[in-house]
Amino acid sequence: MYSKVDIFNLALGALLLNKQIADADNDSSKEAKVLRQFYPIALAQTLQDLDLDATSERTALELIEEEPNDEWLYAYKYPSKCLFFRRIVSGFRKDNRSTSIPRTRGTLNGVSVIYTNQVDAVGEYIRSDINLNSLNASAGLALGYRLGFLASSLIVGKGALNIRKSVQETYGFYKMEAQETDRLEGETFDDLAVDSEFVQARTE
């Protein structure tokens, strides 16, 4: 659905500019250069902020050390190209307070790790190199508006003061739509009693 060119042009549109970019990587215009500068951080911020199921993946974590300290049994290597570590997979489609697996992030011998007591841990996380086609329509719009917001000062100059608030508000709207679409696409029926910790505590 989306390409890098599409995101660049959405950003320009968010800034109320009529200019269009045909080649995101080679266009030599000032606008394209600025958008290339801010694109990686815009992508990272948006993917972290949206936290969509559709952009997540799972992988077995690489064990670094057993009993790395007095608090945790295992230290696993933090996944490469990971923007946001969501959870250690518990076997439940959705976790609550009782099913989520405790973990924390730290550094061990200069290596970024995840500490946990879970053996053979599988991590669920959002990668930095996702295919833009995995974004739903609203998520792509959110990315374009985030990019426009970050690049506005260098592209629009003083006029950015008047447009940044509107761009940020529109980003928030698209964020809400993207998360709702993601929720509906992944939703399956759950009995209310399954989701309710109040009920669970009284039926065990």
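Here are some residues: I114, I126. Which one is under 21 Å from T181 (Cα atoms) and in a strand (DSSP E or B)?
Details: I114 fails: under 21 Å from T181 (Cα atoms).
Selected residue: I126, the only one of I114, I126 that is under 21 Å from T181 (Cα atoms) and in a strand (DSSP E or B).
Yes/no matrix, rows are residues, columns are (1) of a type in the set (S, T, Y); (2) in contact with a Leu (Cβ under 6 Å, 6 or more places away or on another chain):
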{"position": "K19", "(1), (2)": "no, yes"}
{"position": "S28", "(1), (2)": "yes, no"}
{"position": "A44", "(1), (2)": "no, yes"}
{"position": "L50", "(1), (2)": "no, no"}
{"position": "S56", "(1), (2)": "yes, no"}
{"position": "E71", "(1), (2)": "no, no"}
{"position": "R93", "(1), (2)": "no, no"}
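Out of the residues in segment 137-188 meeting the condition of being of a type in the set (D, E) and either surrounded by fewer than 18 Cβ atoms within 10 Å (Cβ to Cβ) or not assigned by TED's automatic domain parsing to the domain that holds L15 (or both), tell me which one is modelled with the lowest pLDDT.
Within segment 137-188, the first condition is being of a type in the set (D, E), and the residues that meet it are 169, 177, 180, 182, 185, 187.
Next, only the ones that are either surrounded by fewer than 18 Cβ atoms within 10 Å (Cβ to Cβ) or not assigned by TED's automatic domain parsing to the domain that holds L15 (or both) stay: 169, 177, 180, 185, 187.
Numbers: E169: 96, E177: 97, E180: 96, E185: 88, E187: 72.
Ranking the qualifying residues of segment 137-188, first place goes to E187.
Against the definition (assigned by TED's automatic domain parsing to the domain that holds E65 and under 14 Å from A75 (Cβ atoms)), how does S112 come out, yes or no?
Numbers: assigned by TED's automatic domain parsing to the domain that holds E65: yes; under 14 Å from A75 (Cβ atoms): yes.
For S112, the condition - assigned by TED's automatic domain parsing to the domain that holds E65 and under 14 Å from A75 (Cβ atoms) - is met.
The values are calculated or read from the model by the stated rules, or taken from the named source; none is laboratory data. Since this is a predicted model, take the numbers as computed values, not measurements. Note: ideal-geometry Cβ built from the backbone for every residue, glycine included; neighbour counts use all protein chains shown.
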